[in-house]
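Down below is the structure, laid out as structure tokens.
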Amino acid sequence: MSADAEPEPELVRVRVPAKINLALRVGPRSEDGYHPLVNVFQAVSLFDDVTAETAPAGEVGLQLVGEQPGVPADEDNLAVRAARLLAAEHGDPGLGVRLTLRKTIPVAGGMAGGSADAAGALLACSVLWDLDVQPDQLTALAARLGADVPFALLGGTAIGTGRGDVLAPVLSRGTFHWVLALSAQGLSTPRVFARFDELSTPAEEPLEVPDALMEALRTGRADALAGVVGNDLQAAALDLRPDLADVLERGRRLGALAALVSGSGPTCAFLCAEESAAIDVSTKLGREPAVHAVRRVHGPVEGARLIS
Ligand code: C5P
């Protein structure tokens, strides 16, 4: 705790973005069960809000706003685990908090929604409890909670290596316009990685991100970016969900510059030349029976931030 004389806040609200993987290169499974990754993340304008309120000592409560099938509302929720980890490592295990998650990031959608909630809980609780914790210490805790959690804190555009959790920001100019096609059913990330293991014999050579991708980001050119985005998990996701291949194809035909599965799926991401093209693609894609819902987003946006 800091010795600051300012009164502690009773309610802290944090907004956290979803991510798209512009490139996801996956190596062979390691002995610890994880896969070495090279991952280019972009944070996009689809957000979960995490609210932290004071609660009696030792109580870590969780409330979900709206219907959130498949999201655990107990100790298994990554946001609750984040709050408990932060209290144990940098505060006092007896600290209490009441967390509320207002979710718009699709659940089990390949957009790191659970990771976003954990990142939001770390930031919100560190402010609520007035902890003397540095950004790099929060990032270290984030990595212990999940491979995508550090990026949800950082935002923007970044390369992740290791399990995807060792981050370096990437220079990116301008704004990219995306349409997201959401599925009614989620996909389990471990299941997609397991299918990846069954389907592929990944090369042992070092994983790399094409220079052309870095150049496209530096210049902000969507047409150049479209030629170099790629996801090594896509074949596994399509094998488990063959219907997604039609969704990708439909988006391409409607004029998207590129179509790819986001992370482990099943959300499909369509890169568009400009905002007007994205409006057109989202309107038409939204009428497809195979598409549960569409969202129009842009990126990059900033990572977890306080909004009150
Ligand atoms: O780190 P996180 O808990 O988000 O990962 C979820 C699951 O995805 C892991 O349990 C593992 O099965 C798989 N995974 C992997 N290799 C990575 C990251 C995740 O196999 N680098």
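Rounded to the nearest 20, the size of the Cβ-charge dipole of the chain about its Cα centre is 1080 debye, with Lys and Arg at +1 and Asp and Glu at -1. Residue by residue, the stretch 260-269 carries 3J(HN,Hα) couplings of 8, 6, 7, x, 8, x, x, 4, 9, 10 Hz when phi is fed to the Karplus relation 6.51 cos²θ - 1.76 cosθ + 1.60 (θ = phi - 60°); x denotes Gly or Pro.
A Gaussian network model of the chain, with springs between Cα atoms under 10 Å, assigns the largest mean-square fluctuation among GLY286, GLY227, GLY109 to GLY227.
Residues whose amide H falls under 5 Å from that of GLY220, counting only those 5 or more places apart or on a different chain, are ARG173, with hydrogens built in the peptide plane. Working note: Karplus 6.51/-1.76/1.60 with θ = phi - 60° gives the stretch 45-58 the couplings 7, 10, 10, 9, 9, 10, 10, 10, 10, 4, 9, x, 3, x Hz, where Gly and Pro are set to x. In a DSSP loop and with at most 12 other Cβ atoms within 10 Å, the GluC sites (Glu not before Pro) in the stretch 42-134 are GLU59, GLU67, GLU75.
Give a quick list of chymotrypsin sites (Phe, Trp or Tyr not before Pro) in the stretch 19-95 that DSSP marks as loop, anything other than H, G, I, E or B, with at most 16 other Cβ atoms within 10 Å.
On the way: sites: TYR34, PHE41, PHE47; in loops: TYR34.
Those that pass, being in a loop and sparsely packed, are TYR34.
With the cut-off at 1.5 for a/c, could you classify the stretch 56-184 from its C-alpha gyration tensor as rounded, prolate or oblate? It is oblate, given that a/c is not under 1.5 and a/b is not larger than b/c.
Sorting the segments 261-269, 228-236, 204-212 by their residues' average number of neighbouring beta-carbon atoms within 10 angstrom, most packed first, yields 261-269, 228-236, 204-212. Taking amide hydrogens as placed 1.01 Å from N in the peptide plane, the amide H of VAL301 sits under 5 Å from those of ALA43, VAL44, GLY156, each at least 5 positions away in sequence or on another chain. Scalar couplings 3J(HN,Hα) for the stretch 10-22, obtained by applying the Karplus form with A = 6.51, B = -1.76, C = 1.60 to θ = phi - 60°, are 9, 8, 10, 10, 10, 10, 10, x, 7, 10, 10, 9, 6 Hz; x denotes Gly and Pro. Spin-label pair GLU275-ALA212: with each label point 7 Å from Cα along the Cα-Cβ axis, the two points sit 3.0 nm from one another.
When the charge dipole of the chain is built from unit charges on Cβ atoms (+1 for Lys and Arg, -1 for Asp and Glu) and taken about the Cα centre, the candidate among ALA142, GLY58, GLY251 whose Cα reaches farthest toward its positive end is GLY251.
Estimated from helical segments only, the mean residue ellipticity of the chain at 222 nm is -9500 deg cm²/dmol, where each DSSP H run of four or more residues counts as -39500 (n - 2.57).
Here's the picture: charge each Lys and Arg Cβ at +1 and each Asp and Glu Cβ at -1 in the chain, and of GLY164, TYR34, MET111 the one pushed furthest to the positive end of that dipole is MET111.
Using the Cα centre as the reference, give the magnitude of the dipole from point charges on the C-beta atoms of the stretch 209-260 (Lys, Arg: +1; Asp, Glu: -1; all else neutral), rounded to the nearest 20 debye. Write down the numbers at each step before the final one.
Values: 6 positive and 8 negative charges, 44 e Å.
For the stretch 209-260, the charge dipole is close to 220 debye.
Of the peptides 167-178, 9-20, 96-107, the ranking by mean beta-carbon count within 10 Å, highest at the top, reads 9-20, 96-107, 167-178. Dipole of the stretch 199-242 computed with +1 at Lys/Arg Cβ and -1 at Asp/Glu Cβ about the Cα centre; of LEU225, ALA236, THR201, farthest Cα towards the positive end is LEU225. Charge dipole (Cα centre; +1 on Lys/Arg Cβ, -1 on Asp/Glu Cβ; no other charges) of the stretch 171-225 amounts to roughly 400 debye. Counting neighbouring beta carbons within 10 Å and listing from fewest to most, the residues PHE196, PHE270 come out as PHE196, PHE270.
Readers should treat all values here as calculations from the given coordinates under stated rules, not as data from a laboratory. Being a predicted model, the structure only gives us computed values, none of them experimental. Don't worry about glycine lacking a Cβ; one is built from the backbone with ideal geometry, like all the others, and counts go over all protein chains shown.
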